[in-house]
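Laboratory data are not the source of any read-out in this text; all were calculated from the coordinates shown. In this text the structure is predicted, and so the values were computed from the model without any measurement. All Cβ positions, even for glycine, are placed from backbone atoms using ideal geometry, and neighbour counts span all protein chains on display.
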Amino acid sequence: MRKIIAIDGPAGSGKGTVSKILSKECNLLYIDTGAMYRAIAYLTLKYNIDIKDEDSIVKLASSSKIRFDGDSIFINDINVTDDIRTNEVTSIVSPISSIVKLREILVSMQRELAKDNDVIMEGRDITTVVFPDAQYKFYLDASLDERVKRRYKQNMEKGIISTLDEIKTSISARDYNDMNKKVGALTRTEDQVYIDSTNLTISEVVDKIKNIIEVK
Ligand code: DC
């Protein structure tokens, strides 16, 4: 049977880092669904589309092709791996991801991408909407201060300039928006395994998940 490992959690909870490691160690296809919302946000900025113009954004998504190649993401054959991480994209991605019709398009692309593979997919609605029947469902969390520190460090490594205060404001706003969407909201459910990674190292989190997916 096809293995689907679904991981949800807020920004900076470590989903991306942990999923990438697990994908290599357990031979799973890694799909970062946040990167797909970011790719649409990137094109929205590129074509100067107003973020309130939902119809144009939906049209843009339905006529675009997103593909992953290793750790890189391409939209319409343009490699946007770095471009989707800028502060500009980050500031508009959460409201864009609230557009219900856009979510329908991306959710069906996500299911299609996973069709023939064992996958590890991370995002906000993977355990609840994209693959509610996945065998392995996790909610990865960490305190706000810890998530801010992690994102600050990641940004520094990528050369993205922002202060701790700016990151805290941005993450808090995204958390609120992502948890209060009409469709696809980030939610905790009884059937997810909840992991608080505030005081755990990356390898401790990887081991916890590995123990579950290898034993169960
Ligand atoms: O994981 P990330 O921070 O790169 O995601 C960017 C945004 O996309 C995030 O603010 C919420 C949204 N998102 C979503 O609504 N559903 C997903 N499955 C993944 C991300």
Completion exercise
Between Tyr136 and residues 5 or more places away or on another chain, the pairs with built amide H atoms under 5 Å apart involve Ile4, Ala6
Problem - For the stretch 1-126, alpha-carbon Rg over 2.2 N^0.38 Å - result: 1.02
Fill in the blank from the handout: Residues Leu43, Leu200 in order from fewest to most other beta-carbon atoms within 10 Å are Leu200, Leu43
Handout entry: For the stretch 154-216, size of Cβ-based charge dipole, Lys and Arg +1, Asp and Glu -1, in debye
Key = 220
Practice task
In square nanometres and to one decimal, what's the mean projected area of the convex hull around the Cα atoms of the stretch 64-168?
Solution key: 7.9
Exercise for the section: Write down, largest first, the equivalent ellipsoid semi-axes of the chain in whole Å, where each equals the square root of 5 times an eigenvalue of the alpha-carbon gyration tensor. Expected result: 25, 21, 16
Problem - About the Cα centre, charge dipole magnitude for the chain (Lys/Arg +1, Asp/Glu -1 at Cβ), debye - result: 120
Handout entry: Amide proton proximity set for Gly12, modelled H, under 5 Å, gap of 5+
Key = none
Completion exercise
Treating only Lys and Arg (+1) and Asp and Glu (-1) as charged, each at its beta carbon, one finds that the stretch 106-216 has a dipole about its Cα centre, in Debye to the nearest 20, of 280
